[in-house]
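The next block holds one structure in the form of structure tokens; read it before the comments.
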Amino acid sequence: MPELPEVETIVRGLRATLPGRRILQVHLGKTDFIDEPAALEASLPGSKIVSVKRHGKFIVLDIEPSNEMAQNFSLLVHLGMTGRLVVCSPNVPIAPHTHVFFELDDGRELRYTDPRRFGSIQMLQESARADLLGKLGADPLETTVANFIAVLRNRRARIKALLLDQRVLRGMGNIYTDESLWRARIHPTRIGAELQDAELRRLFRVVQLVLNEAIRLGGSSISDYVNSEGKPGEYQFRHRVYQREGKSCYRCGASIRRVIVAGRSSYFCPRCQRGPRKKAPQ
């Protein structure tokens, strides 16, 4: 699933091309992942894309309607597991499972492709958007170390589960959580409340380092992810622990192991990332 670096990479690409563009026509294929597809077809033609932003794993397109009496609204796109959002010439061959086409006034198209259709597209007025996005936690690239420590230090859940919880931190996913915990030398099953402040400060620095490095390299292309121009990322060549079960740790040479945390495979080094101590029987 595209995580914060992948979504940020796509948003930066779209931001360079979409603001100021008008949507001339909308063509839809399958619509089971779209809230109110008829409203989408009726409201978007003639409207202008004002801005493109990221909120957690959501792509937010702010829209100015063609009807001057109507209120501005937002188009929220979540890529799910296999979604792609690409700007291209209409002459580019259409990829299988492309279900949404936005014709733009510069002659190009904005296409949404999603083989498994686990993503979503919805139109929301400002108040509804605030209600939905307001439930998400802080952005790990925007929060402070003090806030980062505050949201984790008193929680009894495992640190891997906390980092994946979008209500705690928005945008983190399996790849960058595993990579961050490895670099911070923290075992994924340790309890958040049992981590020392020094460990949480180190984790905060590492999370920001990993995310920024992944953004610089265009994200990780594990299966379906490509940027807004259809190009893959390169950070997958920098992975140090994710999906490396049985391979040698880059730091100490021990064999990478896998454990399930919060229903997700979690990769770690048993020597660099010491697990929680087992309590002695009473």
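Below is a table of values for the structure above.
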{"quantity": "The stretch 4-133: C-alpha gyration tensor shape, a/c 1.5 cut-off, then a/b vs b/c", "calculated": "rounded"}
{"quantity": "Per-residue [θ]222 nm for the chain (sum of -39500 (n - 2.57) over DSSP H runs n ≥ 4, rounded to 500)", "calculated": "-7500 deg cm²/dmol"}
{"quantity": "Total charge dipole magnitude, the chain, about the Cα centre, Cβ charges on Lys, Arg, Asp, Glu only, Debye to nearest 20", "calculated": "2240 debye"}
{"quantity": "Residue with peak Gaussian network fluctuation, the chain [Cα springs, cutoff 10 Å], from Arg116, Arg158, Arg190", "calculated": "Arg116"}
{"quantity": "Likely footprinting exposure, Ser47, Ser66, fewest C-beta neighbours within 10 Å first", "calculated": "Ser66, Ser47"}
{"quantity": "Helix 174-184 axis, angle to the chain major axis (alpha carbon atoms, nearest 10°)", "calculated": "40 degrees"}
{"quantity": "Between helix 4-15 and the chain: long-axis angle, C-alpha atoms, 0 to 90°, nearest 10", "calculated": "30 degrees"}
{"quantity": "Proximal lysine pairs, the chain, alpha carbons under 28 Å, eight or more residues apart or interchain", "calculated": "18"}
{"quantity": "Length released on extending from Glu126 to Arg251, taking residue separation times 0.36 nm less the Cα-Cα span", "calculated": "40.2 nm"}
{"quantity": "Per-residue Cβ neighbour rank within 10 angstrom, fewest leading, Lys247, Lys48, Lys278", "calculated": "Lys278, Lys247, Lys48"}
{"quantity": "Among Tyr176, Pro65, Ala198 the positive-end extreme of the charge dipole of the chain (Cβ point charges)", "calculated": "Ala198"}
{"quantity": "Cut-off of 10 Å, at most 14 other beta carbons, DSSP loop: longest stretch of the chain lacking such chymotrypsin sites (Phe, Trp or Tyr not before Pro)", "calculated": "119-249"}
{"quantity": "Nearest-0.05 FRET efficiency for Arg167 and Ser89, computed from C-beta distance (R0 41 Å)", "calculated": "0.50"}
{"quantity": "10 Å Cβ shell holding at most 10 others, DSSP loop, GluC sites (Glu not before Pro): longest site-free stretch of the chain", "calculated": "143-282"}
{"quantity": "Quotient of Cα Rg and 2.2 N^0.38 Å for the chain, N being how many residues it contains", "calculated": "1.10"}
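The numbers here are math on the coordinates, done by the rules we state, and not lab data. Since the structure is predicted, the reported quantities are computational estimates derived from the model, not experimental observations. No Cβ is skipped: glycine too gets one built from the backbone with ideal geometry, and neighbour counts run over all protein chains shown.
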